[in-house]
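Presented below is the structure to which this report refers.
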Amino acid sequence: MINWIIGFVILVAMYFAFRSVVKSVKNGGCMGCSSCEHCGCSCGGEKDKK
């Protein structure tokens with residue numbers, strides 16, 4: 001029974017993490033790169049320097 005509860009909690013956490021990533025990417029956020037200077041997204045980096 002405890003395995004079912006732990007598995008459910010892990011699935012819920014994965015769902016909310018995925019949802020957060022999707023929202024951030026839709027809003028022009030940086031996901032998966034080490035620095036905004038490299039990917040050219042709107043979260044900072046070179047765009048803020050100009």
* Do the conditions hold for C39, that is, is it in contact with a helix residue (DSSP H, G or I) (Cβ under 7 Å, 6 or more places away or on another chain) and at pLDDT below 70? -> no
* Could you tell me whether any residue of region 16-28 is in a loop (DSSP other than H, G, I, E, B), modelled with pLDDT of 60 or more and exposed (fewer than 12 other Cβ atoms within 10 Å of the Cβ)? => yes
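The values are calculated or read from the model by the stated rules, or taken from the named source; none is laboratory data. All of these numbers come straight from a predicted model, not from anything done at the bench. Every residue, glycine among them, receives a Cβ derived from its backbone with ideal geometry; neighbour counts consider all protein chains shown.
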